[in-house]
């Protein structure tokens, strides 16, 4: 929890110092039409993080990875059925293959994933929660966030999440359950900058007139899978299973199909 909260505040600071003109921008945040939305998103960030931690303890990291990445189905379906986006053959085939690719690339054991019946609720909630976060960001970007407020909006989400997380840590400290470590703080600092830009550039991409939202979310999630796999191989000498390589190949095909469908 400590690392993720430090991460949120670092991400928030990057946005505030890099994309905000002055104190006036900060003062008007509670008055913005998107403010209730970022309060909801901040709470969801903390909630999904804790659910992911519980899922990892009970069912393993692969289950969390699959649940989080497969959640792309929620904003994709939202874009198709609520925003009436296109449903051509190439697009449907590409999105379907993307889901298969995400699953195969995320499995790190030969036996696949195994979830006890009593633990099934936790990855399901991670799946739903992650999908709700992406869908809410998409909705707010479409209807409430102006072109000039992308930086302010992105950083404010992390700021609210950091504040909520801090309140939880204060509660833990009062109960004597808090132990601060420099390792957690350093990890949070390292994650903060890329975390901010992941949201910032996602919102920017969603505003691009040349691509539908369902395509952006599909390419974003599959791209993350490919990038994280490559980083794992290069920096951590990760050994991939045969199903992982198949997943990577399918991911490349899905990107080509989805990009060609536009």
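Each reported figure results from applying straightforward, stated rules to the coordinates on display, with no laboratory input. Remember, it's a predicted structure, so these values are computed and weren't measured experimentally. Glycine gets a Cβ as well: all are built from the backbone with ideal geometry, and neighbour counts include every protein chain shown.
The table for this structure:
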item: Ranked list, fewest to most other Cβ atoms within 10 Å of each Cβ, for 78, 16; result: 16, 78
item: Ascending count of other beta-carbon atoms within 10 Å, so fewest first, for 211, 158, 81; result: 81, 211, 158
item: Computed E for residue 17/residue 147 - FRET, C-beta separation, R0 22 angstrom, nearest 0.05; result: 0.60
item: Added length on full extension, which subtracts the Cα-Cα distance from 0.36 nm per residue, residue 100 to residue 166; result: 20.0 nm
item: Where only alpha carbons of the stretch 68-173 are counted, the Rg and the Dmax (Å); result: 17.8, 55
item: Extended-chain gain in nm, criterion 0.36 nm per residue less alpha-carbon gap, residue 178 and residue 118; result: 18.7 nm
item: Taking the chain and dividing mean pair separation by its residue count, relative contact order in percent (alpha carbons under 8 Å, at least six apart); result: 42 percent
item: Point-to-point label distance, residue 90-residue 50, nm (Cα→Cβ direction, 7 Å offset); result: 4.6 nm
item: Convex hull volume per residue in cubic angstrom - Cα atoms of the stretch 1-141; result: 154 Å³
item: nm² value of the averaged projected area, convex hull over the Cα atoms of the stretch 208-262; result: 4.1 nm²
item: Potential extension, residue 208-residue 259 segment - 0.36 nm per residue separation minus Cα distance; result: 17.0 nm
item: Fewest-first sequence of 141, 118, 32 by Cβ atoms within 10 Å of each Cβ; result: 118, 32, 141
